[in-house]
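Visitor: Okay, here's the structure, questions in a sec.
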Amino acid sequence: MKKDARPFIVAANWKMHKSPREAGEFLKSFVAQTNKRSLGGDCEVVFFVPAIDLMVAAESLRDSQVKWGAQNCYFEMKGAFTGETSPAVLSEIGAHYTLVGHSERRAIFHESDAETGKKVKALQGVGIVPMLCVGETLAEREAGRTNEVILRQLRAGLEHRDTNKNVVIAYEPVWAIGTGKVATPQQANDAHVALRQGLKDLGGDGFSRVTPILYGGSVKPENAAELGAQSEIDGFLVGGASLEIATFLPLIPG
């Protein structure tokens, strides 16, 4: 699965699912099962858990091969921002990654392109890898605007990035998230090709070559192998199929 210098990343986005008790039981069972089938050196597994489960993830995954992160954060470290999560606090408790600009944050909570850029900068400043999400709506795809939209989101999200620090991109066509619809392998790879060129334009060949681009949108055991075999797909950001070990484990190479 390894492509160039990039790891293959399989990330679970639990959204607003699982209580602390449920999260702890799941993660401990998952670690026990993955310990029996050691993860490959070029594969990473990440769980993006609800904010109330972050400390449970930190404890349950301590000393394991499995990484974890937050689904969102604010771009300030502290202050009068009721309900928000500080990047500094995420760093202190050991988060490896944080999602930025997921389509639900953009559509439901009106997160702007400019805010994603501030969040990427803030996260990199405290040593957390941002996973920047980009994707078009069905109307935008049907209007032939897919590349225009995702490249705009990419440029805005990386506008203030630290060029010496890592970032991960996740392409999630909005029309395929939680709908049961999946971009065909060719559609997904075409979008990844455009994003790979966008990374090259922003940071050169080296940056483009080492930055993973994941696909998200109704990924399941039935379609994962064909999607993962595409030349520019470096892993998955998984929603519904990540809520059960039986449907998430088969998505992980090894």
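The values are calculated or read from the model by the stated rules, or taken from the named source; none is laboratory data. This structure is a prediction, so every number in the text was calculated from the model and none was measured. Cβ: placed from backbone, ideal geometry, glycine included. Neighbour counts: every protein chain shown.
Visitor: Could you say which residue among E232, E226 is touching a helix residue (DSSP H, G or I) at 6+ places or on another chain (Cβ under 7 Å), surrounded by 15 or more Cβ atoms within 10 Å (Cβ to Cβ) and not β-branched (V, I, T)?
Guide: E232 is the lone residue from the list that is touching a helix residue (DSSP H, G or I) at 6+ places or on another chain (Cβ under 7 Å), surrounded by 15 or more Cβ atoms within 10 Å (Cβ to Cβ) and not β-branched (V, I, T).
Visitor: Shifting gears a bit: Every residue in the range 42-86 that is on the phi < 0 side of the Ramachandran plot, assigned to a loop (DSSP other than H, G, I, E, B) and over 19 Å from the mean Cα position of the chain (by Cα), please.
Guide: Within the range 42-86, R62, S64, E76, M77, K78, A80, F81, T82, E84 meet the criteria.
Visitor: Out of S91, S60, S64, which single residue is at pLDDT below 95, farther than 22 Å from D113 by Cα and small (G, A, S)?
Guide: Just one listed residue meets the conditions, S64.
Visitor: Quick check on the range 168-187: of everything there that is small (G, A, S) and modelled with pLDDT under 95, which residue is surrounded by the most Cβ atoms within 10 Å (Cβ to Cβ)?
Guide: A183
Visitor: Just checking, does the range 34-50 include any residue being more than 20 Å from N13 (Cβ to Cβ) and among the hydrophobic types (A, V, I, L, M, F, W, C)?
Guide: Taking every residue of the range 34-50 in turn, none turns out to be more than 20 Å from N13 (Cβ to Cβ) and among the hydrophobic types (A, V, I, L, M, F, W, C).
Visitor: What pairs can you find where one residue is in the range 135-161 and closer than 27 Å to Q124 by Cβ, the other is in a helix (DSSP H, G or I) and among the aromatic types (F, W, Y), and their Cβ atoms are less than 8 Å apart, with a gap of 6+ or different chains?
Guide: E136/W175
Visitor: List the residue pairs whose Cβ atoms are under 7 Å apart, where the first residue sits in the range 7-27 and is in contact (Cβ under 8 Å) with a residue 60 or more places away in the chain and within 30 Å of E232 (Cα to Cα), the second is assigned to a loop (DSSP other than H, G, I, E, B) and aliphatic (A, V, I, L, M), and the two are 6 or more positions apart or on different chains.
Guide: Once the first residue is in contact (Cβ under 8 Å) with a residue 60 or more places away in the chain and within 30 Å of E232 (Cα to Cα) and sits in the range 7-27, its partners that are assigned to a loop (DSSP other than H, G, I, E, B) and aliphatic (A, V, I, L, M) give F8/M1; V10/I252.
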